[in-house]
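Participant: There's a structure below that I have some questions on.
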Amino acid sequence: MLASEIIQPSIPVLHYDDTINDAIDLLQQNNIDHLAVLNNDNYEGLLSMDELLSAENADIVSDLSDKFLHISVQHSQHLLTALKVINEAGITALPVLSQNKEYIGVVTYATLVQNLGMFLSTDVPGGLFVIETEKHKFSIGELCRLVETNDAFVTEINTYIEHVSGQLIVIFKINKTEVSDVLATLQRFDYNVRYYFGEELFENDLRANYDNLMAYLNV
């Protein structure tokens, strides 16, 4: 799931010549604390409600250009990347840009969290694994066969390329919550399992894995 797929078209933008009062009204009307600022359709940054409310000697949005947050993601970046950026920055809206740095729209924190739940199929019981591998080495067919050797099957699978490492990240769910046998099989076949979750005897390991994933996402 990419950032471009969850843009909210109803969220407006601020313009350089908007008055401070009009900008405050626009944020309040949309119940949001941050909006993107455009100047002749060029993305200039993100402006917060706090900066607008504390503005002194400023009449229009461009007067606060030194307060803009220069934060964005590209349209092709993954949902998890967008979620990590928005959490680390402590913002409520994240601008999405094209490859040519053109403004496309924004994704909000609420939308990201909602889509994360859909992405991970949190409403469907089962174990969850997050593995990393090199793209050319990964085979969905092999992964499914290994899971099936443990009387289980894959119910959901998502992949994305991690921007920093270049590794392929594979997130998949299985139809049972007892995951120790599947974990052992994956490790026996040299899969690098980052995190795993399920109901099993290793509660301390599961707690540590959960904490690691939450720390990674900063949620």
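Bear in mind that the values in this text are calculations on the coordinates, not laboratory data. Keep in mind that what you see is a predicted model, and the values were worked out from it rather than measured. Note that we place each Cβ from the backbone using ideal geometry, even for glycine, and neighbour counts take in every protein chain shown.
Participant: At a Förster distance of 25 Å, what's the computed FRET efficiency of HIS136 paired with ASN87, Cβ-Cβ distance as r, to 0.05? Show your work: numbers first, answer last.
Facilitator: On the way: r = 31 Å, r/R0 = 1.26.
Calculated transfer efficiency: 0.20.
Participant: Next up: Suppose the Debye formula is applied to equal point scatterers at every Cα of the chain; what is log10 I(q)/I(0) at q = 0.08, 0.10, 0.13, 0.15 Å⁻¹?
Facilitator: Values returned for q = 0.08, 0.10, 0.13, 0.15 Å⁻¹ are -0.38, -0.55, -0.79, -0.94.
Participant: Oh, and also: Would you list, by chain and number, the aspartates and glutamates whose Cα falls below 16 Å from the Cα of LYS173, excluding same-chain residues fewer than 8 positions away?
Facilitator: Here the aspartates and glutamates satisfying the reach criterion relative to LYS173 are ASP123, GLU132, GLU142, GLU148, ASP151, GLU156, ASP181, GLU199, GLU200.
Participant: Something else about it: Give, in nm to one decimal, the length gained when the segment between ASN40 and ILE24 is fully stretched (0.36 nm per residue of separation minus the Cα-Cα distance).
Facilitator: On the way: separation 16, 0.36 × 16 = 5.76 nm, distance 2.05 nm.
Taking 0.36 nm per residue and subtracting the Cα distance, the gain is 3.7 nm.
Participant: Could you give me the ³J(HN,Hα) list for the stretch 99-104, computed from phi with Karplus coefficients 6.51, -1.76, 1.60 and θ = phi - 60°, whole Hz, x at Gly and Pro?
Facilitator: Per residue, the Karplus-derived 3J(HN,Hα) values read 4, 8, 6, 7, 6, 10 Hz.
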